[in-house]
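J.: I have a structure I would like to understand better, so I am pasting it below and will then ask my questions one at a time.
The values are calculated or read from the model by the stated rules, or taken from the named source; none is laboratory data. Model, not experiment: these values are computed from the prediction. Note that we place each Cβ from the backbone using ideal geometry, even for glycine, and neighbour counts take in every protein chain shown. Note: areas computed on protein heavy atoms with side chains; ligands, DNA, RNA excluded. Shrake-Rupley method; radii C 1.70, N 1.55, O 1.52, S 1.80 Å.
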There are 2 protein chains.
Amino acid sequence: MPGDHKPKTANGKIVRSTKQRQAILDILTKQQSHLSAEEIYQAVKITQPRISLGTVYRNLEILTELGSIYRNSFADGKARYESATIGHHHHLVCINCQDIENLTACPMAQDIGNLAQSHDFEPLEHYFEVYGYCGKCRRKD
Amino acid sequence: MPGDHKPKTANGKIVRSTKQRQAILDILTKQQSHLSAEEIYQAVKITQPRISLGTVYRNLEILTELGSIYRNSFADGKARYESATIGHHHHLVCINCQDIENLTACPMAQDIGNLAQSHDFEPLEHYFEVYGYCGKCRRKD
DNA sequence: TTTTTTATCAGTAATCATTCCTATTAACGC
DNA sequence: GCGTTAATAGGAATGATTACTGATAAAAAA
């Protein structure tokens with residue numbers, strides 16, 4: 001069937017629209033912050049009290065695959081998710097208050113993007129995170 | 001006591017020289033690769049058969065704190081360690097064969113390093129990882 | 001050297017994030 | 001509405017890492 005525009009995952013299954021999935025996407029779209037699976041689970045439970053943590057994880061995986069959200073794994077080994085409506089960016093992570101600020105500047109847009117040629121490497125995704133102290137925490141010290 | 005050069009951790013405890021710790025550092029120095037805690041555990045067991053996985057984790061933490069090794073957490077959520085003798089660098093990770101190549105070019109050395117001023121942020125550490133296909137795997141496809 | 005101190009150890013239990021499993025439920029096409 | 005099957009709830013299982021405890025062995029003191 002040409003002209004078939006139904007969303008599908010990598011395994012070819014049609015992606016249905018469910019209340020649970022929509023609720024997860026709503027949370028990430030409205031809050032525009034970097035939430036862990038557990039935080040999303042707690043937030044979604046307000047409107048979907050019977051949702052399970054497994055459902056949250058499965059939907060985060062599907063939404064990431066569809067490109068609707070970004071998945072980031074930080075130094076603490078925990079994955080955090082955010083809406084993809086904001087566009088590609090990187091992160092400034094405060095090691096004191098854990099606040100995460102977005103950084104629109106991207107290393108790949110600079111000369112470093114040429115590394116592909118010199119290293120015979122085909123880049124698909126990249127992550128750039130800076131850890132340090134945000135302005136608020138610097139002034140508290 | 002001024003001139004006290006005994007290595008100490010952040011909590012002020014003196015760091016002793018033990019066979020177990022030395023063996024872990026030896027592995028990372030000689031192999032010059034990016035090993036997980038489990039891989040290090042298996043390698044160290046050859047010379048220290050009675051070592052425990054807990055000891056490996058504790059020493060990796062101490063050695064990281066002392067600056068003798070680097071700790072990196074990749075997208076799979078698993079931490080990998082490498083000797084610090086090689087100096088600061090970043091990573092090209094092949095999503096097919098999992099091979100990790102080092103990249104000496106650093107975004108912070110470029111204009112992006114100026115983000116500190118514009119974002120009122122004091123950078124201490126940073127990570128830059130590129131995921132894609134290495135030369136070998138590209139030619140296999 | 002002997003004794004004392006205490007950082008480190010082995011072994012194991014506990015924790016945390018995440019994935020897997022199974023019977024049941026509910027989107028969506030017809 | 002009916003049938004197909006993706007998605008769900010609930011919970012068990014996994015894997016990486018951390019925490020606990022009594023024993024051990026470096027370094028310091030005597």
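J.: Which Cα, out of A:64, A:132, A:51, lies furthest along the positive dipole direction of region A:19-141 (beta carbon charges, K/R +1, D/E -1)?
T.: A:51
J.: Where does the charge balance sit around residue B:85 when Lys and Arg score +1, Asp and Glu -1, over other residues with C-beta under 14 Å from its C-beta?
T.: Net charge in that neighbourhood comes out at -1.
J.: Give me the summed buried accessible area for the A-B pair, 1.4 Å probe, to the nearest 100 Å².
T.: Chain pair A/B: roughly 3200 Å² of buried accessible area.
J.: Here's a follow-up. To the nearest 10 square angstrom, how much accessible area does residue B:112 have with a 1.4 angstrom probe?
T.: Roll a 1.4 Å probe over it and residue B:112 shows about 10 Å².
J.: Please check region B:77-120 for residues whose accessible area, probe 1.4 Å, is lower by 20 Å² or more when all protein chains are in place than in their chain alone.
T.: B:77, B:92, B:101, B:103, B:107, B:110, B:112, B:115, B:119, B:120
J.: Summing +1 for each Lys or Arg and -1 for each Asp or Glu, what net charge is found among the other residues whose Cβ lies under 12 Å from the Cβ of residue B:72?
T.: Details: positive: B:71, B:78, B:80; negative: A:129, B:76, B:82, B:125, B:129.
My count for the surroundings of residue B:72 gives -2.
J.: Between residue B:50 and residue B:71, what is the label-to-label distance in nm when each label sits 7 Å out along the Cα-to-Cβ direction?
T.: Each label point is offset 7 Å from its Cα along the Cβ direction, giving 2.7 nm.
J.: Still on this model: Ranked by accessible surface with a 1.4 Å probe, highest first, in what order do B:69, B:62 come?
T.: Sorted descending by solvent-accessible area, the residues read B:62, B:69.
J.: What distance in nm separates the two pseudo spin-label positions at residue A:86 and residue A:117, each 7 Å out from Cα along the beta-carbon direction?
T.: In this crude spin-label approximation the distance works out to 3.4 nm.
J.: Next question. Placing +1 at every Lys and Arg Cβ and -1 at every Asp and Glu Cβ, with all other atoms neutral, what dipole size does chain B have around its Cα centre, in debye to the nearest 20?
T.: Working: 17 positive and 16 negative charges, 176 e Å.
Here chain B has a charge dipole of around 840 debye.
J.: Based on Cα positions only, what radius of gyration and what Dmax would you give for region B:88-141, in angstroms?
T.: 14.7, 46
J.: What whole number of Å gives the distance from the Cα centroid of region B:120-141 to the Cα centroid of region B:10-77?
T.: Using only Cα atoms to place each centre, the spacing works out to 24 Å.
J.: Calculate for chain A the 222 nm mean residue ellipticity that helices alone would give, adding -39,500 (n - 2.57) per DSSP H run of length 4 or more and normalising by residue count, nearest 500 deg cm²/dmol.
T.: -9500 deg cm²/dmol
J.: Report residue A:71's accessible area, 1.4 Å probe, all protein chains in place, as a number in Å² to the nearest 10.
T.: My reading of the accessible area for residue A:71 is about 110 Å².
J.: Right, next: Distance cut-off 23 Å, Cα to Cα: go down the list B:19/B:45; A:136/B:6; B:45/B:78 and report the pairs above it.
T.: Listed pairs above 23 Å: A:136/B:6.
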